[in-house]
Amino acid sequence: MKYKGYIGKILKVDLTERKVESIPLSEKLAEDFIGGGGISAKIISEMLLTEMKPLDESNPLVFMTGPLTGTIIPWSGRHCVASISPLTDFWGESYAGGTWGKELKKAGFDGIIVTGKADRPVYLKIMNQIVTIEDATALKGKDTYETDALLRKCCDEKAKVAAIGVAGENLIRFASIIHEGPAARTAARCGVGAVMGSKNLKAIVVKGQGDIELAKKERLVKSIKDALPELVTNTEHRLRKARSVFSMFIDDGRPGVNNWRDGELEGFKESLLEEIETHVRETKPYLCAGCRTGCVESNVSAGERQTVWEVIAPLGSQCGITDMKCVRKAYEICNRHGIDSISAGGTISFAMECFEEGIITEKDTDGLKLTFGNGDAMLSMLEKICKKDAFGAVLAEGTRKAARLIGPTAEKFAMEVKGLEVPAHDPRAYNFFALTYATDNRGAHHISVLNPRVEGSDLIDLKPLRFVADGAAAIVVRRQNYSNILNSLLLCMFCEVAFAQYYTPTEFQGLTAKEITNWFNLATGLEKDFKSLMHAGEKMFNLKHLVNLKRGLDPTSDSLPERFITIKRKHGPASEHIPQIKEMVEDYYHHRGWENSGKIKAEKLEELGLVEL
Ligand code: SF4
């Protein structure tokens, strides 16, 4: 590999044959697909069998870093886990922070491709390029915190562990992969933990001491120094920022209330702000490698991660719950057993509405009064889901499949897109969220929404445009392409989002595309301009769309649940808005160069170099 930043090797593991081999990461792959989600998409598209079910042993599970991972470049501590999702049956990708990705590169690999299924529980041990498949029978049934501690004890105290809990073992369709034990850096979305469980792979332990070479290190160091302000680490500063971010979420009208049926939950904001105050004052940041943001959602207490917005809303307001102690407990269950808190909240709040509507009763729920606001019932149902106990086994299928099992009257309460539950930002509050949820390759996903900080257009204020349909498609297309770049470089999205920069002065607006492009070139020795990076981002997005088409994606699924496009929120600044989704999706297809059927036009395939696929 002539490009720096990469190790140049991918580990291939066939668990059926118990075979491991190191294969080269080609320069062409690095040039065209960069890393992370991009390289994963290329690998999976080439291994895809049309008839394959996500929990079949032939479904590949790919862990992938990027050329910046583990280097001196700030915010470069993330890695990608990709597969065909058992929740949606389509393209699935998930991202985790922490230091596991950095450690994998130090251990000698850019990524891992896992196929097959072991005949009993195993874990993968990767120590400085020495790879072994070890017996994990004794770890069966252990939660992710215990698994982390036991594996570090027997392998190396400083090793980094990616593990599934009982939810992954039980093939819960929204099971996650938890990295670094109680610090819980989570690859949460799309059910990648269930794919890991289907392979009988309990954990991957990594430890290494290798170096990562950089092409132009001195210039890179100087450029980083010039771009970044001095960090501000005092608690009052962090608290001010946290208050403004979380208040903004509520005041914007973002959190769902009672399965998105209502627009306001009395006492929720007060309870949240009180929680955030204690959280910032009494817990400590646990930073991903290279982090300069210090998001308060990374904070731990006695080593255990405490709370994030994507649990506070899904398992709080969405379930009608204002008791933050209960929400924290829910998050602990999600992380110990290994499930996605967004999908868990979506599924339980769906079941709560079915219960309130009389579609299911206490007979179905094992005597639980599954009403909005009943925190004890929510916690019990979470446990039941993870263990596939009684009605928990129905909800373990995720909202879409559970609704089909319950019956047609339940389907209108299933708040998901392509099978992926809606995250904690109401699509009625911003057209950009609405269109992104409708069109993202994964289903309803919130990360690729904001405007890229491109020179010349980085000062666009999206707030006045929040309800305007005209122009939304162009912004969403551009943002999705740019997100694909960030997700192939594996940079944290909080490198560019000014409002979440807890460690930096208020004036700092985050990184721009100019710095990101420059650092990528200085690290790798490649010479790309921003335009060619955006072209690569567009290619990655379209490749994932091709994977979905190959798996039978119906373009009518590029929409939103009926509730979001027929019923108003009724409270807050977004109280009267209904996203103009049909009009925006049509415009979006036009901007993407797709036919009305969702197929990619021949000239677009040609332009992107995707014809052979
Ligand atoms: S902002 Fe949070 S998620 Fe991003 S790198 Fe820092 S600690 Fe990790």
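Filtering Phe372, Phe350, Phe391, Phe413 for residues that are open to solvent by 10 Å² or more (accessible area, probe 1.4 Å) and in contact with a Phe, Trp or Tyr (Cβ under 6 Å, 6 or more places away or on another chain) leaves a single hit, Phe413.
Across the stretch 317-333, not a single residue is classified as closer than 26 Å to Thr144 by Cα, within 16 Å of the ligand (Cβ to nearest atom) and among the basic types (Lys, Arg).
The helices (runs of 4 or more DSSP H) found entirely in the stretch 127-199 include none that carry 3 or more residues being within 20 Å of Leu11 (Cβ to Cβ) and within 15 Å of the chain's Cα centre (by Cα). When the stretch 300-326 is filtered for residues that are out of contact with any Asp or Glu (no Cβ under 8 Å at 6 or more places or on another chain), β-branched (Val, Ile, Thr) and open to solvent by less than 10 Å² (accessible area, probe 1.4 Å), the ones remaining, listed by number, are Val311, Ile321. If we scan the stretch 287-298, do we find a residue that is outside the structural domain of Leu68 (by TED's automatic domain parsing) and more than 16 Å from the ligand (Cβ to nearest atom)? Within the stretch 287-298, none of the residues are outside the structural domain of Leu68 (by TED's automatic domain parsing) and more than 16 Å from the ligand (Cβ to nearest atom).
When each of Cys288, Cys295 is tested for being touching a Gly at 6+ places or on another chain (Cβ under 8 Å) and within 30 Å of Phe432 (Cβ to Cβ), the lone residue that passes is Cys288. The condition of being of a type outside the set (Gly, Ala, Ser) and at pLDDT below 95 does not hold for Asp389.
Look at the stretch 573-592: where a residue is within 21 Å of Asp252 (Cα to Cα) and a partner is open to solvent by less than 20 Å² (accessible area, probe 1.4 Å) and part of a helix (DSSP H, G or I), sitting 6+ places away or on another chain with Cβ atoms under 7 Å, you get Pro579/Asn431; Pro579/Ala434; Pro579/Phe564; Ile581/Ala434; Ile581/Ala438. Evaluating Leu546 against the criteria (1) touching a residue at least 40 places away in the same chain (Cβ under 8 Å); (2) open to solvent by 10 Å² or more (accessible area, probe 1.4 Å); (3) part of a helix (DSSP H, G or I); (4) touching a Lys or Arg at 6+ places or on another chain (Cβ under 9 Å) leaves one unmet condition, (4). Number of residues in the stretch 266-286 that are in a helix (DSSP H, G or I) and more than 16 Å from the ligand (Cβ to nearest atom): the value is 12. For the stretch 72-84, a residue qualifies if it is within 14 Å of the ligand (Cβ to nearest atom) and out of contact with any strand residue (DSSP E or B) (no Cβ under 7 Å at 6 or more places or on another chain), and the qualifying residues are Ile73, Pro74, Trp75, Ser76, Gly77. For the stretch 351-373, the criterion of being assigned by TED's automatic domain parsing to the domain that holds Cys319, on the phi > 0 side of the Ramachandran plot and touching a residue at least 60 places away in the same chain (Cβ under 8 Å) is met by none of the residues.
Can you tell me which residue in the stretch 299-309 is nearest to the ligand (Cβ to nearest atom), limited to those that are out of contact with any His (no Cβ under 9 Å at 6 or more places or on another chain) and of a type in the set (Gly, Ala, Ser)? Only one residue fits best here, namely Gly303.
Every condition in (1) outside any loop (DSSP other than H, G, I, E, B); (2) within 23 Å of the chain's Cα centre (by Cα) holds for Leu68 except the one numbered (1).
Candidates in the stretch 273-299 are the residues that are open to solvent by 30 Å² or more (accessible area, probe 1.4 Å) and of a type in the set (Ser, Thr, Tyr); of these, the one that is nearest to Leu231 (Cα to Cα) is Tyr286. Scanning the stretch 200-254 for residues that are of a type in the set (S, T, N, Q), open to solvent by 40 Å² or more (accessible area, probe 1.4 Å) and in a helix (DSSP H, G or I) gives Thr235, Ser244. Test Leu48 against the criterion of being touching a Lys or Arg at 6+ places or on another chain (Cβ under 9 Å) and either more than 22 Å from Gly537 (Cβ to Cβ) or crowded, with 18+ Cβ neighbours inside 10 Å (or both), and give yes or no. Yes: the conditions hold for Leu48. When Ser483 is tested against (1) modelled with pLDDT of 90 or more; (2) open to solvent by 10 Å² or more (accessible area, probe 1.4 Å), just one condition goes unmet, and that condition is (2).
Applying a threshold of 8 Å to beta carbon distances and a minimum spacing of six or more residues, or different chains, the list of pairs starting in the stretch 62-90 at a residue that is in contact (Cβ under 8 Å) with a residue 24 or more places away in the chain and charged (D, E, K, R) and ending at one that is open to solvent by 10 Å² or more (accessible area, probe 1.4 Å) and within 16 Å of the ligand (Cβ to nearest atom) reads Arg78/Tyr95; Arg78/Cys288; Arg78/Cys492.
Yes or no: the stretch 206-221 includes at least one residue that is among the aliphatic types (A, V, I, L, M) and closer than 30 Å to Lys140 by Cα. Yes. Being polar (S, T, N, Q), within 16 Å of the ligand (Cβ to nearest atom) and over 16 Å from Ser76 (Cβ atoms) is a property that Gln480 lacks. Which of the residues that make up the stretch 167-189 are away from the ligand (no atom under 15 Å from the Cβ), within 18 Å of Ser343 (Cβ to Cβ) and open to solvent by 20 Å² or more (accessible area, probe 1.4 Å)? Those that are away from the ligand (no atom under 15 Å from the Cβ), within 18 Å of Ser343 (Cβ to Cβ) and open to solvent by 20 Å² or more (accessible area, probe 1.4 Å): Glu169, Asn170, Leu171, Arg173. With respect to (1) within 16 Å of the ligand (Cβ to nearest atom); (2) in contact with a strand residue (DSSP E or B) (Cβ under 8 Å, 6 or more places away or on another chain); (3) more than 30 Å from Pro67 (Cα to Cα), the lone exception for Gly263 is condition (1).
Regarding the stretch 88-110, can at least one residue be identified that is open to solvent by 10 Å² or more (accessible area, probe 1.4 Å) and closer than 15 Å to Lys202 by Cβ? Taking every residue of the stretch 88-110 in turn, none turns out to be open to solvent by 10 Å² or more (accessible area, probe 1.4 Å) and closer than 15 Å to Lys202 by Cβ.
The values are calculated or read from the model by the stated rules, or taken from the named source; none is laboratory data. These figures come from a predicted structure and were not determined experimentally. In this analysis, Cβ positions are derived from the backbone assuming ideal geometry, glycine residues included, and neighbour counts consider all displayed protein chains. These accessible areas exclude ligands, DNA and RNA; they are computed on the full protein's heavy atoms, side chains included. Shrake-Rupley method; radii C 1.70, N 1.55, O 1.52, S 1.80 Å.
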